[in-house]
Amino acid sequence: MPTPPPHRRLGRALAFGLALTTAAVATNTPVSAGPPRPASPDFGPNVTIFDPSMPVSQIQATLDAAHAAQVDNEMGTTRHAYLFRPGSYGTAEQPLQIKVGYYTEISGLGASPTDVVINGKIEAYNRCLTEGGTGNCIALVNFWRTLSNLSLSINAAGQDDCRASANFWAVSQAVSMRRLDISGGGLSLMDYCTNGPQYASGGFIADSRLPATTNGSQQQWLTRNSEVESWSNAVWNQVFAGVVGAPDDAGFPDPPYTTLDTTPLSREKPYLFVDGKGKYQVRVPVARRDTRGVTWDTRTTPGRSIPIGDFFVAKPSDPVQVINRELARGKHLLLTPGVYDVARSIEVRRPDTVVLGIGHATLTAVNGAVPLDVAGVPGVVVAGVTIDAGLKESPVLLRVGQKHGRNHSTPHNPITLSDVYFRIGGPHIGKTDTALEVNSDHVLIDHTWVWRGDHGVEGFTEGVNGDTDRWRTNTGRYGAVINGDHVTATGLFVEHFQRYNTVWNGEHGTTILYQNELPYDPPTQADWRNGKVNGWAGYKVGDRVRHHTLYGGGVYVFNQNNPSIRTENGFEVPVRPGVRLHHIMTVNLSAGVIDHVVNGVGEAADMDRIGAPVYLKQYP
C-alpha cells in the first residue's frame, strides 16, 4: 500500500482493506465475592459489567482481548459496552491499563465520576495501517468510542519511557469524553510514541476535570463546561465554552483559540448508574444556561433519576413495532449494543422521553425508512445513538419535529441530541437526501458527527473509477438542515455532503465549534456547482435569516478526485447586523481551491497555502 502524505484524512482510503474481527462475547453479570446484590438487568451479551472484587488480571485480560478484536474493526458490526460498578480498580503495583478500540464504550456506574476509580490508564493510540507494522500510523480514522463517568488516576507502571509520559487519547470524530476526573499525570490528545504524532481530527470533552492537557496535532477540538489545569498547543480550530482554566483567545489566530466564558445552553448526556441499594437507574440532567465548570463538583448533577424498570431495554432482534408499542405505553428506550435494522420509523411522541444507546448502538435504515422520528415535544433526549443510511434512499435519517406541523418544545426543557452520529456509507453503500433535519424550535445538539463516508469496505474504491462511482452511488445531499428557531449546536461536525453540508434556516441559531470537510469526490466542476456558483458552501445560513451566531468554524477542502475543482466560499450568510461569525477559517489539504472564506471575503485557500489556514476574526 502507498503511504499517504501526513495531512488530514489521506490515510483513510487505506483503511477499507483491513481484516475485520469480532469481539469475544462476555456476560453482563458482574463477578462479586461480596453480599448478594439485586440482579443486573438483561443488557444482552454485548454488555460486560465489572465489579471491584474481580481480580485485576481477569479484567485486564477481558479488555485486552476486546481491544485486539476491535483495534482494526473500523467497518465491522460488533458493538460493546464495558461498565464498572462503584469501587476502585487497579493498584499501584498492578494498574489497569485499558486500550479502547472501535465501537467500544468504557463507563462507570457511579452516581458521581468519583464513585468509580481506575488506577492505571485509558488510551487510544495511532492506528498503523500498513501490513500490521508501524507504517502509516495515524489517528485520523480513530472514530466511534466513548469514555465517561469515572475517575482516572494515571499510573504508567510497566510502560516504556515514552508511553509513561502521558495518558494518550489520539482520536478523531464520533468520540466523546464526558464526566471524567483525571489526575496523576498529563493528558495528550495525540500519540507521539507511534511513529510520530501525525494528525488527528477530534474531538469533544464535556463536564470533566482535566490535568495539564497537550492538544498537539488535533486539528479541531471542543471542550465544554469543564476544568483544565492547563492547555498547550493548537492547530487550526480550538474552542472552549464554560471552561475553568481555558486559554485566552485575545491573540486569535495566533494561537487559534476561541474562548467563551460561559456556555449559553447546555444539558449533560444521560448516564446509567447504580444507586446505594444496588438498583440501576438513568440520570437525566436538566438543561442549564450561561454556565461554566462541571456539574458534579459539590453535589449530584441536577436532574431526575429514572428507574431502569421504566425503560424498555431493547436488543437488536426486537422488532420496531415492539419498540414503538413500548414507547407508546410510556416507556423510555435503552438500546443495547448492536446493529438494528429499521424498516419503519422508531417513533418518539411523548414529552420527556429518553432514548439512550450504550456501546454505540446503531440504527440502519432499511428500504428507505426514516430510522428515528422525534415529535416536537418538550424534553425528549436522544443520546449515544448512531444512525446509518441504507441501500435505498431515505428522505432523512433523523427528523426532529414536523416541517409544517405544530412543535411544542420549550426554552427551559429543549429537545436534546447528545453524541448522535450519522453515517452514509462506510460498511456498505448508503443513500439519503438529508441526514439530520431539525424542524422544532428549542433544540440542543450537543456533539454530533454527520458523515458521508469518504472511505469504506464496499463500493468506494474498486476499479479505475472508484471515486466517480462513489459520487454516484454513495449519495447524501445535505448533512444537517436546521429549520427550527432557537436551535443551539455545541460541537457540530459535518462532512463530505454533495450540496450544502449544513443549511441553517431557523432564527436565533447558535453554533459553538463547526467543523466541515467538503466532499473529496466530485468528478467534475459541473458536478460541484450551485447554479452559476462554483461549489456549495460548507456552512449556509438561509437568505431570510436575521439573527445567527457562530463561534469557531472551519471548512476544509481536499478535492482528491479532481484537484482542479473550485468552491467559491467556505461560508455563505446573509449580510445583516444580527448575523455574526466569530473566528472562522478555511484550509487547503492539498487538492482543490476555496476562493474565499465567506461571501467573497478572505483570501483563497489554494495550492500555495497547503495546510495554512485563512482566518477571519469576525464577519462582518
Where residue 583 falls short, out of the listed (1) under 23 Å from residue 250 (Cα atoms); (2) of a type outside the set (Lys, Arg); (3) surrounded by fewer than 16 Cβ atoms within 10 Å (Cβ to Cβ) = (3)
Would you confirm whether any residue within region 233-250 is within 18 Å of residue 145 (Cβ to Cβ) and within 18 Å of the chain's Cα centre (by Cα)?
-> no
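Within region 410-427, track down each residue that is touching a strand residue (DSSP E or B) at 6+ places or on another chain (Cβ under 8 Å) and not in a strand (DSSP E or B). Quick ask: steps written out before the conclusion?
Let us first name the residues in region 410-427 that are touching a strand residue (DSSP E or B) at 6+ places or on another chain (Cβ under 8 Å), namely 412-427.
Once the filter is applied, which keeps residues that are touching a strand residue (DSSP E or B) at 6+ places or on another chain (Cβ under 8 Å) and not in a strand (DSSP E or B), region 410-427 yields 412, 414, 425, 426, 427.
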Quickly run through region 380-409 and pick out the residues that are modelled with pLDDT under 95 and either assigned to a strand (DSSP E or B) or not polar (S, T, N, Q) (or both).
-> 403, 404, 405, 406, 408
Close pairs from region 51-69: first surrounded by 15 or more Cβ atoms within 10 Å (Cβ to Cβ), partner basic (Lys, Arg) and assigned to a loop (DSSP other than H, G, I, E, B), Cβ under 9 Å, at least 6 apart | 51/37; 51/85; 52/85
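Please find, within region 319-334, the residue that is surrounded by the most Cβ atoms within 10 Å (Cβ to Cβ) out of those that are basic (Lys, Arg) and free of Cβ contacts under 8 Å to residues at least 12 places away in the same chain. It would help to see each step written out before you state the result.
From region 319-334, those basic (Lys, Arg) are 325, 329, 331; that's our starting set.
Add one more test, that the residue is free of Cβ contacts under 8 Å to residues at least 12 places away in the same chain, and what stays is 325, 329.
Working: 325: 12, 329: 9.
Out of the qualifying residues, it is 325.
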In region 560-590, the residues that are closer than 22 Å to residue 526 by Cβ and free of Cβ contacts under 8 Å to residues at least 60 places away in the same chain = 562, 563, 564, 565, 566, 567, 568, 569, 570, 572, 588
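Could we say that residue 326 is over 19 Å from residue 80 (Cα atoms), acidic (Asp, Glu) and part of a helix (DSSP H, G or I) here?
Yes, satisfied.
Residue under question is residue 183, and the condition is that it be of a type in the set (S, T, N, Q), at pLDDT 95 or above, out of contact with any Phe, Trp or Tyr (no Cβ under 7 Å at 6 or more places or on another chain) and surrounded by fewer than 22 Cβ atoms within 10 Å (Cβ to Cβ); does it hold? Working first, answer last.
Working: of a type in the set (S, T, N, Q): yes; at pLDDT 95 or above: yes; out of contact with any Phe, Trp or Tyr (no Cβ under 7 Å at 6 or more places or on another chain): yes; surrounded by fewer than 22 Cβ atoms within 10 Å (Cβ to Cβ): yes.
For residue 183, the condition - of a type in the set (S, T, N, Q), at pLDDT 95 or above, out of contact with any Phe, Trp or Tyr (no Cβ under 7 Å at 6 or more places or on another chain) and surrounded by fewer than 22 Cβ atoms within 10 Å (Cβ to Cβ) - is met.
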Any residue at all in region 526-545 that is small (Gly, Ala, Ser), under 13 Å from residue 496 (Cβ atoms), at pLDDT 95 or above and not in a strand (DSSP E or B)?
-> yes
For residue 551, all conditions in the list (1) in contact with a Gly (Cβ under 7 Å, 6 or more places away or on another chain); (2) assigned to a strand (DSSP E or B) hold save one; what is the number of the exception?
-> (1)
Checked region 104-124 for anything surrounded by 22 or more Cβ atoms within 10 Å (Cβ to Cβ), among the β-branched types (Val, Ile, Thr) and over 13 Å from residue 83 (Cα atoms); matches are 122
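In region 586-614, which residues are surrounded by 20 or more Cβ atoms within 10 Å (Cβ to Cβ) and not in a loop (DSSP other than H, G, I, E, B)? Break it down into steps so the answer makes sense when it comes.
Taking region 586-614 as the starting set, the residues that turn out to be surrounded by 20 or more Cβ atoms within 10 Å (Cβ to Cβ) are 586-589, 592-594, 596-598, 602, 605, 613-614.
586, 587, 588, 589, 593, 594, 596, 597, 598, 605, 614 - these are the residues of region 586-614 that are surrounded by 20 or more Cβ atoms within 10 Å (Cβ to Cβ) and not in a loop (DSSP other than H, G, I, E, B).
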Return a yes/no flag: does region 295-306 have any residue that is part of a strand (DSSP E or B), polar (S, T, N, Q), at pLDDT 95 or above and surrounded by fewer than 22 Cβ atoms within 10 Å (Cβ to Cβ).
-> yes
Being closer than 19 Å to residue 92 by Cα, in a loop (DSSP other than H, G, I, E, B), small (Gly, Ala, Ser) and out of contact with any Gly (no Cβ under 6 Å at 6 or more places or on another chain) is the filter here, so list the residues in region 154-193 that pass it.
-> 156, 157, 158, 184, 185, 186
Taking region 204-230, which residues are of a type outside the set (S, T, N, Q) and on the phi > 0 side of the Ramachandran plot?
-> 207, 216
Scanning region 424-433 for residues that are buried (at least 22 other Cβ atoms within 10 Å of the Cβ) and of a type outside the set (A, V, I, L, M, F, W, C) gives 425, 426, 430, 432
If you scan region 261-287, which residues turn out to be outside any loop (DSSP other than H, G, I, E, B) and either more than 30 Å from residue 583 (Cβ to Cβ) or over 21 Å from the mean Cα position of the chain (by Cα) (or both)?
-> 271, 272, 273, 274, 280, 281, 282, 283, 284
Condition broken by residue 363, with the remaining ones in (1) surrounded by fewer than 16 Cβ atoms within 10 Å (Cβ to Cβ); (2) within 26 Å of residue 405 (Cβ to Cβ) satisfied = (1)
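Out of 250, 234, I need the residue that is without any contact (Cβ under 8 Å) to a residue 60 or more places away in the chain, closer than 19 Å to residue 554 by Cβ and not in a strand (DSSP E or B). Which one?
Details: 250 fails: closer than 19 Å to residue 554 by Cβ.
Answer to the check: 234.
Just give me the residues in region 82-139 being among the hydrophobic types (A, V, I, L, M, F, W, C) and in a loop (DSSP other than H, G, I, E, B), in sequence order.
Passing the criteria: 92, 100, 109, 111, 139.
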Considering region 489-510, residues that are crowded, with 24+ Cβ neighbours inside 10 Å and within 18 Å of residue 289 (Cβ to Cβ), and then whichever is farthest from the chain's Cα centre (by Cα), we arrive at 509
If a residue has to be outside any strand (DSSP E or B), at pLDDT 95 or above and not hydroxyl-bearing (Ser, Thr, Tyr) to count, how many in region 194-218 make the cut?
-> 1
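The values are calculated or read from the model by the stated rules, or taken from the named source; none is laboratory data. Given the structure is predicted, the values throughout are model-derived calculations rather than measurements. Cβ atoms come from the backbone with ideal geometry, glycine included; neighbour counts cover every protein chain shown.
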